[in-house]
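Colleague: Here it is: the structure, laid out below.
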Amino acid sequence: MRNDNNRMLTIFLVVFVDLLGFSLILPLLPYYAEQYGANAIVVGLLVASYAAAQLIGAPLLGRLSDQYGRRPILLVSIAGTALGFLLLGLAEPLGAALGTALFGGSLVAINLIILSLLFASRILDGLTGGNISVAQAYISDITTEENRAKGLGLIGAAFGLGFIIGPAVGGFLSTFGYSVPAYVAAAVATINLVAVYFFLPESLTPERQAEMMARPRAGFSLAALQVALQRPRVGPLFHVRFFFGLAFSMFQSIFALYAAGYPLNLSVQNTAFVLTYVGVLSVFTQGFAIGRLAKRYTERQLMLVSAIMMAVGLLLWGFAPNVITLLIVMIPLAFGGGVLNTVINSSLSKSVYPEEIGGTLGLSASIESLTRVISPAIGGILLQTFGAVGPALFSSVLMVWVSTFIWRKLFVNPDPPLEPRAGQMQYTTSAD
């Protein structure tokens with residue numbers, strides 16, 4: 001038991017440090033790209049490129065962790081994240097050197113090269129950055145079904161704690177240049193890599209690894225998604241994941257543009273402080289509240305209530321006239337989003353066989369990444385056309401539908417049994 005607690009603490013620190021590096025550059029990325037001539041559309045594509053790459057990388061890493069173990073895949077993914085951040089920081093000097101050598105110092109050419117390197121850095125990080133789903137699979141390996149929601153809540157708490165510190169520190173470091181937070185994030189990821197190598201043991205037993213090695217390699221595919229959606233226990237949860245992710249990622253993806261506009265007109269530092277506040281709420285929800293709530297209520301009850309809270313919070317967000325009101329509105333948003341995200345993953349891990357957990361959570365992460373590809377475009381159009389009311393109303397309606405879906409599929413219908421192992425979900429890259 002003590003060994004499990006030590007591993008839980010280590011994986012908590014791994015996720016915390018990983019999210020600390022990510023959140024250092026999150027609020028600064030749009031401003032960084034705008035220095036080199038990027039407009040709102042290009043900034044949206046830059047944000048979406050990370051999610052699009054993760055759409056491919058997350059399920060592959062999750063499935064490979066089922067075959068080869070969680071620890072080696074965590075090492076690979078963290079190394080990729082470190083290289084991605086380093087490339088992000090080096091984009092300006094590398095772009096200037098290449099532009100001067102190839103195009104005689106043309107400012108237009110230099111800016112295009114720098115923007116291309118920014119895209120390359122985010123794509124590299126996205127392809128290798130599926131370590132959250134691998135960390136969730138690690139937690140599932142060392143917890144029982146009874147305490148899994150609490151264990152996965154620790155992942156969410158680490159996520160939130162990273163967002164408490166990261167944006168504030170990133171906002172401060174940006175005063176020395178937008179590339180400085182990227183270098184610091186690369187250093188943080190390197191420290192994380194060393195910590196995993198020396199202090200995190202493998203969670204899969206040799207017997208489990210041997211069994212999983214016999215299964216085919218996998219990645220994201222429409223065929224895999226179609227098979228998953230047809231499974232009576234997994235399919236409804238993936239539906240909830242997609243529409244919840246679409247609503248919540250719309251709020252996240254356009255928040256910086258929303259905060260910088262009327263009526264808030266926030267600076268990059270103040271935007272970072274608001275994100276820090278959201279991190280505090282997330283830590284409380286997922287580090288303190290979720291474990292206690294999971295003991296008193298069923299996961300389906302928690303999903304329904306949190307979906308309703310999100311629907312209300314998203315609607316109120318669109319009418320927030322000032323920062324004080326916005327901070328109040330974010331309470332049900334952060335609470336509902338934190339609980340729903342944790343409980344979905346916990347339920348998914350209980351809806352498949354142990355050897356499928358990594359692949360299932362990886363496919364879930366890909367569905368979430370898909371929503372973060374779609375949401376910036378839709379949210380940007382709605383924000384530009386209707387103001388904050390547009391994306392808020394759209395997201396709220398989505399969560400109302402999610403609430404009715406949870407009621408119809410998870411309350412009215414009893415839990416079906418697991419399918420026979422012969423009918424397991426196969427995460428193949430092509431149809432057999």
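Colleague: If I model a spin label as a point 7 Å beyond the Cα along the Cα-Cβ vector, how far apart are those points for Glu145 and Phe319 in nm?
Modeller: 4.3 nm
Colleague: Could you provide, to the nearest whole Å², the per residue accessible area of segment 344-391 with probe 1.4 Å?
Modeller: 28 Å²
Colleague: Something else now. When the accessible area of segment 302-383 is split by element with a 1.4 Å probe, what percent falls to carbon and sulfur?
Modeller: It is 83 percent, rounded to a whole number.
Colleague: Give the separation of the Cα centroids, segment 82-123 to segment 309-323, in Å.
Modeller: Distance between centres, Cα-based: 39 Å.
Colleague: Ala96 to Gln384: FRET efficiency via 1/(1 + (r/R0)^6), r the Cβ-Cβ distance, R0 41 Å, to the nearest 0.05?
Modeller: For R0 = 41 Å, the calculated efficiency reads 0.80.
Colleague: Using the Cα centre as the reference, give the magnitude of the dipole from point charges on the C-beta atoms of the chain (Lys, Arg: +1; Asp, Glu: -1; all else neutral), rounded to the nearest 20 debye.
Modeller: 680 debye
Colleague: Once you've got the GNM for the chain with C-alpha springs shorter than 10 Å, pick whichever of Asn322, Asn147, Asn111 has the biggest mean-square fluctuation.
Modeller: Asn322
Colleague: For the chain, modelled as a Gaussian network with Cα springs under 10 Å, which listed residue fluctuates most, Ile165, Ile56, Ile374?
Modeller: Of the options given, Ile374 has the highest mean-square fluctuation.
Colleague: At a Förster distance of 35 Å, what's the computed FRET efficiency of Ser267 paired with Arg233, Cβ-Cβ distance as r, to 0.05? Before the final figure, lay out each step's value.
Modeller: On the way: r = 47 Å, r/R0 = 1.35.
In this case the efficiency is close to 0.15.
Colleague: Would you work out if segment 81-162 is rounded, prolate or oblate? Take a ≥ b ≥ c from the square roots of the eigenvalues of the alpha-carbon gyration tensor; rounded if a/c is under 1.5, else prolate when a/b is larger than b/c, oblate otherwise.
Modeller: Note, shape of segment 81-162 comes out prolate.
Colleague: Using the Karplus curve 6.51 cos²θ - 1.76 cosθ + 1.60 with θ = phi - 60°, what ³J(HN,Hα) values do you get for each residue of segment 148-161, in whole Hz, with x for Gly and Pro?
Modeller: So the J values, rounded to whole Hz, are 5, 4, 5, x, 5, x, 5, 4, x, 5, 4, 4, x, 5.
The values are calculated or read from the model by the stated rules, or taken from the named source; none is laboratory data. Since we're looking at a predicted model, the values are computed, not measured. As a convention, Cβ positions derive from the backbone with ideal geometry for all residues, glycine included, and neighbour counts pool all protein chains shown. Note: accessible area is taken over every heavy atom of the protein model, side chains too, but ligands, DNA and RNA are not part of it. Shrake-Rupley method; radii C 1.70, N 1.55, O 1.52, S 1.80 Å.
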